[in-house]
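Q: Can you read through this structure? Questions will come right after.
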Amino acid sequence: MISPPEAFSKVIENVARLPVVSLPLKECLGRVLADAIRADRDMPPADRSAMDGYAVRAADLASCPATLRLTGEVAAGSPLRPRVRPGTCVRILTGANVPPGADTVVMVEQTSAEDETVTFRAAPRPRENILRRAENARKGEVLLPKGTVLSASAIGAAASSGHTRVKVHGMPRVTVLCTGAELRDASDRVGVHQERNSNGPSLCAALASWGYRGCRYATLADNLAVQTRRIRQAVSQYDVVLVVGGVSVGCYDYVSRAVEAAGGKTLFHGVAMKPGKPLLMARFGRRAVLFGLPGNPLSAMVGFHEFVLPALRRMSGLAAEVCRPAIYTPLAADLTHKGGTQRHMPARIRWQPTGAVIEPVESQSSADLVAGGKADGTILLLPQSKVLPAGTLVEFRPWRPLP
Ligand code: AMP
Ligand code: MG
């Protein structure tokens, strides 16, 4: 049995970033940039108006009120460049290039217009309301460094500098094998001795929540030969194989033997944490890694978020420090922990006007799917954490990306 930090290090050491691929930008949400994205021109490319108003020469409005003659207009997208001469002004709209001769834009709200003249109530500050050429970035400057996760706004920055294809890290192909003679599909009739397969749908959904879409699961019998064959097959087709159930020490728990029989090298089997203790990780040469997760639904969820997700994120190109999502959030009420073993307590987020607080979800055991259904993630309770008063910042490990 190893400690959770040791297991986490083994995960990070034993997975590598996947090769770089070039993809259309619109398919890259959530991907990790393998190459920096640079500005293809100055941003903005010219001095631009930040407001609807009038382009003026500040010197003409040194003492106000003052009236200037209106001689033209530039709207956003207009290529016109009407010169602003002394004593004149040009109507300008947000996003339009500032015309030659002007050095300031006055907001329309601070003016009153007649037919051919505009009266200005107060003297503007020179260069007011102008977005300066290249004030955001110069041509060639890095907009998004290598390693950036392409969020919606990062995709906006890339699109604005003309990038239609980008180099990103590959995403791992993942499959889920559920073991257990008791398992039936949700659509099957179930006897009192049987259990519906909830981990299959749940883990595929967890994968999708974090951007690993399209994963499928299969259900296998508790049979060494069957499991060996299916594991051998899976590791030849996928980068990451999740086997759920059958990883403990019961006489029908065949997974660890099947992994070895299929040619896997066990990296660890048993982690000092609750739930999730029987967890197993193995590698198959340089081809694939396999995780064996305990079958109890809360154990499977915790094991997935503690170790599988970091492996997937690392393979997708993220830095090791950000592979396991966590936030520090205050506890909604006092919490006591028996100590002794690291625990992951199901918890939910309560949104308050002042921010989020975390409250534990009461659960009877790691088989408690009802509690699982209410939880947004887990609170990490270290062996030494004992009495935690309300308001204590606790490490919360979310089960989906948070807003
Ligand atoms: P195991 O890890 O195989 O010892 O299973 C532990 C518990 O989890 C048992 O009660 C199983 O019936 C249950 N279990 C295992 N796999 C699943 C699954 N895919 N869906 C729902 N429950 C499961
Ligand atoms: Mg089982």
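The values are calculated or read from the model by the stated rules, or taken from the named source; none is laboratory data. The structure displayed is predicted, hence computed values, not measured ones. So basically every Cβ, Gly included, is an ideal-geometry build from the backbone, and we count neighbours across all protein chains shown. Quick note on the areas: whole protein, heavy atoms, side chains included, nothing else; ligands and nucleic acids left out. Shrake-Rupley method; radii C 1.70, N 1.55, O 1.52, S 1.80 Å.
Q: Report yes if Thr117 is polar (S, T, N, Q), open to solvent by less than 60 Å² (accessible area, probe 1.4 Å), farther than 28 Å from Val322 by Cα and within 16 Å of ligand 1 (Cβ to nearest atom), otherwise no. Let's see the steps before the verdict.
A: Values: polar (S, T, N, Q): yes; open to solvent by less than 60 Å² (accessible area, probe 1.4 Å): yes; farther than 28 Å from Val322 by Cα: yes; within 16 Å of ligand 1 (Cβ to nearest atom): no.
Spelling it out, it is not the case that Thr117 is polar (S, T, N, Q), open to solvent by less than 60 Å² (accessible area, probe 1.4 Å), farther than 28 Å from Val322 by Cα and within 16 Å of ligand 1 (Cβ to nearest atom).
Q: Within region 236-278, take every residue that is within 14 Å of ligand 2 (Cβ to nearest atom) and within 27 Å of the chain's Cα centre (by Cα) and give me the one that is surrounded by the fewest Cβ atoms within 10 Å (Cβ to Cβ). Walk me through how you get there before you give the answer.
A: Within region 236-278, the first condition is being within 14 Å of ligand 2 (Cβ to nearest atom), and the residues that meet it are 243-258, 278.
The next check asks that each one be within 27 Å of the chain's Cα centre (by Cα); those that pass are 243-244.
On the way: Val243: 28, Val244: 31.
So the residue we want is Val243.
Conditions (1) away from ligand 1 (no atom under 16 Å from the Cβ); (2) of a type in the set (Ser, Thr, Tyr), marked per residue:
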{"residue": "Ser153", "(1), (2)": "yes, yes"}
{"residue": "Gly156", "(1), (2)": "yes, no"}
{"residue": "Val168", "(1), (2)": "yes, no"}
{"residue": "Glu182", "(1), (2)": "no, no"}
{"residue": "Gly191", "(1), (2)": "no, no"}
{"residue": "Ser198", "(1), (2)": "no, yes"}
{"residue": "Cys215", "(1), (2)": "no, no"}
{"residue": "Ala221", "(1), (2)": "no, no"}
{"residue": "Leu224", "(1), (2)": "no, no"}
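Q: Condition first: farther than 30 Å from Ala158 by Cα and either touching a Pro at 6+ places or on another chain (Cβ under 7 Å) or in a strand (DSSP E or B) (or both). Can you find one or more residues in region 123-138 that meet it?
A: Step one: list which residues in region 123-138 are farther than 30 Å from Ala158 by Cα, which gives 123-126.
Next, only the ones that are either touching a Pro at 6+ places or on another chain (Cβ under 7 Å) or in a strand (DSSP E or B) (or both) stay: none.
Scanning region 123-138 turns up no residue that is farther than 30 Å from Ala158 by Cα and either touching a Pro at 6+ places or on another chain (Cβ under 7 Å) or in a strand (DSSP E or B) (or both).
Q: Which one is most open to solvent (accessible area, probe 1.4 Å) among residues in region 336-351 that are free of Cβ contacts under 8 Å to residues at least 40 places away in the same chain and within 23 Å of the chain's Cα centre (by Cα)?
A: If we filter region 336-351 for residues that are free of Cβ contacts under 8 Å to residues at least 40 places away in the same chain, which is where we start, we get 338, 345, 348, 350-351.
This time we only want the ones that are within 23 Å of the chain's Cα centre (by Cα), so: 345, 348, 350-351.
Numbers: Met345: 29, Arg348: 82, Arg350: 93, Trp351: 156 Å².
Going through the qualifying residues, I end up with Trp351.
Q: So Thr266 clears everything in (1) within 11 Å of ligand 1 (Cβ to nearest atom); (2) without any contact (Cβ under 8 Å) to a residue 24 or more places away in the chain; (3) of a type in the set (Ser, Thr, Tyr) except one condition, right? Which one?
A: Thr266 satisfies all of (1) within 11 Å of ligand 1 (Cβ to nearest atom); (2) without any contact (Cβ under 8 Å) to a residue 24 or more places away in the chain; (3) of a type in the set (Ser, Thr, Tyr) except (1).
Q: Another one. Filter region 129-185 for residues that are away from ligand 2 (no atom under 16 Å from the Cβ) and among the polar types (S, T, N, Q) and give the result.
A: Of all residues in region 129-185, those away from ligand 2 (no atom under 16 Å from the Cβ) come to 129-175, 185.
Those that are away from ligand 2 (no atom under 16 Å from the Cβ) and among the polar types (S, T, N, Q): Asn129, Asn136, Thr148, Ser151, Ser153, Ser160, Ser161, Thr164, Thr175.
Q: Suppose we keep only residues that are near ligand 1 (Cβ under 9 Å from one of its atoms) and open to solvent by 20 Å² or more (accessible area, probe 1.4 Å) within region 279-296. Which one would you say is farthest from Arg348 (Cα to Cα)?
A: Selected residue: Gly295.
Q: Let me ask you something else. Among the numbered criteria (1) within 26 Å of Ser202 (Cβ to Cβ); (2) touching a residue at least 60 places away in the same chain (Cβ under 8 Å); (3) exposed (fewer than 14 other Cβ atoms within 10 Å of the Cβ), which one does Gly372 miss?
A: Going through (1) within 26 Å of Ser202 (Cβ to Cβ); (2) touching a residue at least 60 places away in the same chain (Cβ under 8 Å); (3) exposed (fewer than 14 other Cβ atoms within 10 Å of the Cβ) one by one, Gly372 breaks only (3).
Q: Also, I was wondering about something else. Please determine, by comparing only the residues of region 171-200 that are small (Gly, Ala, Ser) and open to solvent by 10 Å² or more (accessible area, probe 1.4 Å), which one is farthest from Ala218 (Cα to Cα).
A: Within region 171-200, the subset small (Gly, Ala, Ser) is 180-181, 186-187, 191, 198, 200.
The next check asks that each one be open to solvent by 10 Å² or more (accessible area, probe 1.4 Å); those that pass are 181, 186-187, 191, 198.
Values: Ala181: 13, Ala186: 13, Ser187: 14, Gly191: 20, Ser198: 12 Å.
Here the answer is Gly191.
Q: Output yes when any residue across region 138-149 is open to solvent by 40 Å² or more (accessible area, probe 1.4 Å), at pLDDT 95 or above and touching a helix residue (DSSP H, G or I) at 6+ places or on another chain (Cβ under 8 Å), and no when none is.
A: Within region 138-149, one or more residues are open to solvent by 40 Å² or more (accessible area, probe 1.4 Å), at pLDDT 95 or above and touching a helix residue (DSSP H, G or I) at 6+ places or on another chain (Cβ under 8 Å).
Q: Given the criteria within 14 Å of ligand 1 (Cβ to nearest atom), in contact (Cβ under 8 Å) with a residue 40 or more places away in the chain and either not hydroxyl-bearing (Ser, Thr, Tyr) or not in a strand (DSSP E or B) (or both), does Val302 qualify?
A: On the way: within 14 Å of ligand 1 (Cβ to nearest atom): yes; in contact (Cβ under 8 Å) with a residue 40 or more places away in the chain: yes; either not hydroxyl-bearing (Ser, Thr, Tyr) or not in a strand (DSSP E or B) (or both): yes.
Yes.
Q: Kindly indicate the residue of region 358-367 that is assigned to a loop (DSSP other than H, G, I, E, B) and more than 11 Å from ligand 1 (Cβ to nearest atom) and also farthest from Ala390 (Cα to Cα) among those meeting that condition.
A: Gln364
Q: Which of the residues spanning region 292-310 are away from ligand 2 (no atom under 16 Å from the Cβ) and under 17 Å from Ser3 (Cα atoms)? Spell out the reasoning first.
A: Going residue by residue through region 292-310, those that are away from ligand 2 (no atom under 16 Å from the Cβ) are 301-302, 304-310.
If the condition is that a residue be away from ligand 2 (no atom under 16 Å from the Cβ) and under 17 Å from Ser3 (Cα atoms), then Val302, Phe304, His305, Glu306, Phe307, Val308, Pro310 are the ones that fit.
Q: Out of (1) among the small types (Gly, Ala, Ser); (2) part of a loop (DSSP other than H, G, I, E, B); (3) open to solvent by 30 Å² or more (accessible area, probe 1.4 Å), the odd one out for Ser385 is which?
A: It is condition (3) that Ser385 fails.
Q: Still on this structure, please answer the following. Does any residue of region 107-115 turn out to be outside any strand (DSSP E or B) and in contact with a Leu (Cβ under 8 Å, 6 or more places away or on another chain)? Even if it seems obvious, please write down each step before you answer.
A: Looking only at region 107-115, we keep the residues that are outside any strand (DSSP E or B), and these are 108-110, 114-115.
Then keep just the ones that are in contact with a Leu (Cβ under 8 Å, 6 or more places away or on another chain); that gives none.
Checked against the condition, which is being outside any strand (DSSP E or B) and in contact with a Leu (Cβ under 8 Å, 6 or more places away or on another chain), region 107-115 yields no hits at all.
Here is a yes/no grid of residues against (1) within 16 Å of ligand 2 (Cβ to nearest atom); (2) without any contact (Cβ under 8 Å) to a residue 12 or more places away in the chain:
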site	(1), (2)
Arg189	no, yes
Ala206	no, no
Tyr217	yes, no
Ile231	yes, no
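Q: Restricting to region 306-325, count the residues that are open to solvent by less than 10 Å² (accessible area, probe 1.4 Å) and part of a helix (DSSP H, G or I). Lay out the reasoning, then the answer.
A: Taking region 306-325 as the starting set, the residues that turn out to be open to solvent by less than 10 Å² (accessible area, probe 1.4 Å) are 306-312, 316-317, 323.
If we keep only those that are part of a helix (DSSP H, G or I) as well, we get 306-312.
Going through region 306-325 one residue at a time, the tally reaches 7.
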